[in-house]
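Q: To start, I am sharing the structure in question, which I have written as structure tokens.
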Amino acid sequence: MINKIESLWESFQKEVTPLDKQADVLNLKAKYIGKKGLISEVMKGLRDASVEEKKLIGPKSNEVKKNIETSIQDKLKDIQISEMNEKLKKEKIDFSLRDSNLDLGLNSGGIHPVHQIQRSIEDIFLSMGFEVLDGPHIETEHYNFEALNIPETHPARDMQDTFWFKDKAHLLRTHTSTIQIRGMEERKAPFAFVGPGKVFRCERIDATHESCFHQLEGMMVGENINTGHLIYFMKTLLKEIFQKDMEVRLRPGYFPFVEPGFELDIRWKKPDPKDEEARHSGWLELLPCGMVHPNVLKAGGVDPDKYTGFAFGLGLDRLVMVNYKMDDIRYLHKGDLRFNSQFSHF
Ligand code: PHE
């Protein structure tokens, strides 16, 4: 077997040298080190090998795989450089060339941690039969306030300092709850959806406040939907995110579009039984939620006598901060590559 693996390395080298197209190089990679590649094929014989041989084969096959991987990367880089040179010859000038180190994008970018979390939460809800909806950043007063049971004179309008457009009719949405109304308008009950996205508030920026942040709205409407369903889905969500059962508690919370409204907290630190103060400090406020107010159902074209529903608004930036033990939300928006590249392997 050792000989077979060594000869694979030799034949690989022979095959890779003449290649000059990226696609061919990638095919060759699959042929040798892909899941069903030649190396895996040889490794199938491992069962029948002697104990002595088994000890040698693992490291050997890893070494060959690594060599193949490196040689593929080098080859791809060579091809890109020669393609680039060809282009330079043709075009004479290249504005994209940033430095002499020919950074050709082989260290490709990654997905921002907020979007990683967003995507994994979308997947969790998709797997439970929810749809994923989108909504506009620029909204009208109707979708951001009125339809959500926040009339013009309501003090709750001050809870969320709003960026208004000069026409005083449009604004940057202050929460993703706008998607509740848009989602209801477009479908017939029963339904369930989530709506992630950016929201904007005229906040003084500090370690825990940004003028732009991310929420993921959720809504489920049907006959006899009750608080039990809300708690079930929230606990399931938290279990998936944190990969363990989370202890939660509901406190009353006020939002004009839900009744009753709650703040759902998760047990974060173990309370210290000796310390009276710390006994209540182990909770982290994470998820505002509640049963959809009948006025909101009506505004979305749903009959509140027939249907009920729950809604929640999860703060995604907060979740990323908790997850990575980050102490300043501003890191998430700076675009500093030293920070961002820590997440690029995802
Ligand atoms: N929209 C609320 C906020 O931004 C959160 C929320 C959503 C509360 C849904 C209850 C139900 O603060």
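The values are calculated or read from the model by the stated rules, or taken from the named source; none is laboratory data. None of these values were measured; they are calculated from a predicted model. Note that we place each Cβ from the backbone using ideal geometry, even for glycine, and neighbour counts take in every protein chain shown.
Q: Can you work out which of the residues in segment 178-218 that are among the acidic types (D, E) and within 14 Å of the ligand (Cβ to nearest atom) is nearest to N295 (Cα to Cα)?
A: Of everything passing the filter in segment 178-218, E217 is nearest to N295 (Cα to Cα).
Q: Still on this structure: Out of L238, L264, L316, I need the residue that is in contact with a helix residue (DSSP H, G or I) (Cβ under 7 Å, 6 or more places away or on another chain), closer than 30 Å to Q342 by Cα and at pLDDT 90 or above. Which one?
A: L316
Q: I'm trying to understand the selection: among the residues of segment 9-53, which are under 30 Å from Q80 (Cα atoms), charged (D, E, K, R) and loosely packed, with under 13 Cβ neighbours inside 10 Å?
A: Within segment 9-53, E10, K14, D20, K21, K35, K36 meet the criteria.
Results for (1) among the basic types (K, R); (2) surrounded by fewer than 16 Cβ atoms within 10 Å (Cβ to Cβ); (3) over 18 Å from L297 (Cβ atoms), shown as yes or no for each residue.
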position	(1), (2), (3)
N144	no, no, no
D161	no, yes, yes
D167	no, yes, yes
L172	no, no, yes
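Q: Which pairs turn up if I take residues in segment 57-72 that are part of a helix (DSSP H, G or I) and look for partners that are aromatic (F, W, Y) and modelled with pLDDT of 90 or more with beta carbon separation below 8 Å, at least 6 apart in sequence or on another chain?
A: From segment 57-72, the pairs are V64/W9; N67/W9; I68/W9; I68/F12; I68/Y32; S71/F12.
Q: Out of segment 296-328, which residues are within 16 Å of the chain's Cα centre (by Cα) and either of a type outside the set (G, A, S) or at positive phi (or both)?
A: Within segment 296-328, L314, L316, D317, R318, L319, V320, M321, V322, N323, Y324 meet the criteria.
Q: Moving on. Can you tell me which residue in segment 301-325 is surrounded by the most Cβ atoms within 10 Å (Cβ to Cβ), limited to those that are among the hydrophobic types (A, V, I, L, M, F, W, C) and out of contact with any Ser or Thr (no Cβ under 8 Å at 6 or more places or on another chain)?
A: Once the filter is applied, the top-ranked residue is L314.
Q: Go through segment 86-133 and count every residue that is modelled with pLDDT of 85 or more and either surrounded by 11 or more Cβ atoms within 10 Å (Cβ to Cβ) or part of a helix (DSSP H, G or I) (or both).
A: Number of matching residues: 23.
Q: Quick check on G309: is it among the small types (G, A, S) and within 16 Å of the ligand (Cβ to nearest atom)?
A: Yes.
Q: Just one of L8, L19, L26 is part of a loop (DSSP other than H, G, I, E, B) and among the aliphatic types (A, V, I, L, M); which is it?
A: After applying the criteria, what remains is L19.
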